[in-house]
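Asks: The structure's right below; bear with me while I get my questions together.
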Amino acid sequence: MRNTNWMVIAVLLLSLAALAQQPQGSQAAAQSASQPPTAAPAPAQAAAPQALAQPATMDQVVDRFILREQGLIKMLSSRTPVVETYLQNLTLDPLLGPVPENDRYFLGRMDLSTSIDRKDYIKDDESMEKHLLGGFTKLFKITYQPLGFSWMIFADRNDFDRQHYEFRYVRREFLGDVRCLVFDVTPKKGTGNGRFLGRVWVEDQDYNIVRLNGTYAPHARNSYFFHMDSWRLNLIPGYWVPAFIYSEEGDFSAGAKNKIAFKAQTRIWGYDLRKNGESDELTNIRVDSVQDSSPNAQDASPLAAEREWQQQAEDNVIERLQRAGLLAPEGEVDKILQTVVNNIEVTNNTDLPRPVRTRVLLTSPLETFSVGNTIVVSRGLIDVLPDESSLAMVLAHELAHIVLGHNLGSQYAFNDRMLFSDESTYQNLGFKHIPEEEAAADKKAMEMLKNSPYAQKLDAAGLFLRVLSIRAGALNALLTAHLGNNMAESGTVTRMAQLINSAPQLDWNKLDQIAALPLGGRVKLNAWDNKVELVKSQPVAITSARDKMPFEVTPFFPRLTRAGADNTASATGSTTASTNDKSAN
Ligand SMILES: [Zn+2]
């Protein structure tokens, strides 16, 4: 445990160091903010790189991507995206290789303007901080302050130029569909600590950096920067916005001293969200002149009024979560989830006054909840589910709450209860059930599953819960629900636990037994508009037990495409059959 703490502390020091080592750079940034450097293009011009002549030499290419980088920094300065980091500290398992030993989770909104700021959705546990860092609790706060992040999003937010860096052209290379020029970037001598050291990939049309891979150097004594692989996506014309950052440290080769061993995924999304949750007043004006023209337009009966009221609460919550950047807009994935819900409903002759809807929570922790007749499943949970029957298991539990009338939540029909800052969403909304309702929902869900088309396939769902129970002790952060009930309590799986007993034995060496998938394998999130879709990539054959990686963090390798490029051909696959494949076979 002591070792583990040191790992975390070391991780924290990384960004503390970044902050401590760049005081001059920060000041320089503050000064240049008031008087923009003449080299920087005006925002409007930055959006139209076509207006510039194509560079003729590699030197001109370097000048161009430096200029484009400044344009990106400027464009993003008015944005407040959501930033999520999920980190797994690793330990070595002789059979499975590095496996999670414990984990950490951070979620916040980042302000990318010059006065960078970060507000957290999740308040760090004070006692945990004290425990980890003794008297230095204030320093801990700095860790996930945006400066730490901003140097992972940009190569160098303040000084990415020829005065501070050497650029050496390496080769041309395709990343996905995009042809790139590859450059090695090294800080010049005497330019200070914490400069970017590594490689950048620059697309060869507008010369935007699309990928950064490396670390920051040199580091001061007693501090340390981690390595990162940072990917950008072309989600709006003219710009490639940072979307994924993978970090990893550790060496498990014989004799290596593992002071730090971890893997972490950082996801950034919600660039299109409004700052501070402020809303455009025009969009809020309702069309008042439309009258209810239904034939029996009259006062609602008491029961109808009760249902209307709950619908209002449900709509309020869904809209608010979407505005906070935590819920995907309605889309393709919902259709798949709804198909599974339908399959259960139809075979159980479930008759509900209102149709059941589903939505995707954009965060990684494994959780589900329902509000009114809307079932919400987290992106992370959809990612790790091995097949459709395990998805049915997850949905059946929430459907049971709906059928049993557990979802009241009518307090949210009062609109004042929606007036809170995005960052305090988790303090203001909650959909946890009491243990008795949880037990009743599990029981009802089992009944419904046994009547459903999934009745003969529940082994996979049970196996999923079995591997979850094996890993639960190490995945406390991943298993901490923020709006709904936890699937496991103190390392023991509680959700639908009955299924574990009837599940087959877990056999790591059986390569066709896939109990749970790694994170990030199923759901693709658009960092700009928060839309989600299912990943279309072909499953890769598993060749050893180490390939299974249930619930684990892996590197990112997005297939890069240009905005507006026709990539619909691959996206028009079936929308309903996609969950049928055992994607890792
Ligand atoms: Zn429940």
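The numbers here are math on the coordinates, done by the rules we state, and not lab data. All values reported here derive from a predicted model rather than from experimental measurement. Don't worry about glycine lacking a Cβ; one is built from the backbone with ideal geometry, like all the others, and counts go over all protein chains shown.
Asks: Report the full-extension gain for the segment residue 347 to residue 541: residue separation times 0.36 nm, less the Cα-Cα distance, to one decimal in nm. Mind showing how you got there, number by number?
Replies: On the way: separation 194, 0.36 × 194 = 69.84 nm, distance 3.49 nm.
Fully extending the segment from residue 347 to residue 541 adds 66.4 nm.
Asks: So for the pair residue 199, residue 305, with labels modelled 7 Å out along Cα→Cβ, what separation do we get in nm?
Replies: It is 6.9 nm.
Asks: Sort 470-476, 196-202 for me by packing, meaning the mean count of neighbouring Cβ atoms within 10 Å per residue, highest on top. Present the calculation step by step, with values, prior to reporting the outcome.
Replies: Numbers: 470-476: 19.0, 196-202: 21.4.
For the peptides 470-476, 196-202, the packing ranking is 196-202, 470-476.
Asks: Hey, another quick one. Do the alpha carbons of any pairs in 335/443; 457/510; 524/548; 263/510; 510/548; 335/531 sit beyond 22 Å of each other, and which pairs?
Replies: On the way: 335/443 26 Å; 457/510 18 Å; 524/548 20 Å; 263/510 26 Å; 510/548 10 Å; 335/531 13 Å.
Pairs exceeding the cut-off: 335/443; 263/510.
Asks: Please say if the range 441-550 is rounded, prolate or oblate, where rounded means a/c under 1.5 for a ≥ b ≥ c the square roots of the C-alpha gyration tensor eigenvalues, and otherwise the choice is prolate for a/b larger than b/c and oblate otherwise? Walk me through the numbers before you get to the answer.
Replies: Values: a/c = 1.36, a/b = 1.14, b/c = 1.19.
Rounded, since a/c falls under 1.5.
Asks: For the residue pair residue 251 and residue 501, what label-to-label distance in nm results when each label sits 7 Å from Cα along the Cα-to-beta-carbon direction?
Replies: 5.0
Asks: State whether the range 318-465 is rounded, prolate or oblate according to the following rule on the C-alpha gyration tensor (a ≥ b ≥ c being the square roots of its eigenvalues): a/c under 1.5 gives rounded; otherwise a/b larger than b/c gives prolate, and the remaining case gives oblate.
Replies: prolate
Asks: Does the range 387-507 classify as rounded, prolate or oblate by the C-alpha gyration tensor (a ≥ b ≥ c root eigenvalues; a/c under 1.5 gives rounded; else a/b over b/c gives prolate, otherwise oblate)? List each step's numbers first, then the result.
Replies: Values: a/c = 2.61, a/b = 1.54, b/c = 1.70.
Since a/c reaches 1.5 but b/c is at least a/b, the shape of the range 387-507 is classed as oblate.
Asks: Another question, then. What is the extension gain from residue 459 to residue 443, computed as 0.36 nm multiplied by their sequence separation minus the C-alpha to C-alpha distance, in nm to one decimal?
Replies: Numbers: separation 16, 0.36 × 16 = 5.76 nm, distance 1.72 nm.
Going from the current span to full extension adds 4.0 nm.
Asks: Next up: How much length is gained if the chain between residue 354 and residue 434 is pulled fully straight, taking 0.36 nm per residue apart and subtracting their Cα-Cα distance, in nm to one decimal? Spell out each step's value before the answer.
Replies: Values: separation 80, 0.36 × 80 = 28.80 nm, distance 2.42 nm.
Fully extending the segment from residue 354 to residue 434 adds 26.4 nm.
Asks: Compute the distance in nm between two label points, each set 7 Å from the Cα along the Cα-to-Cβ direction, one at residue 335 and one at residue 95.
Replies: 4.1
Asks: May I ask you to give the average projected area over all directions of the convex hull of the Cα atoms of the range 316-368, in nm² rounded to one decimal?
Replies: Working: hull surface 17.7 nm².
Dividing the Cα hull surface by four gives the mean projection, 4.4 nm².
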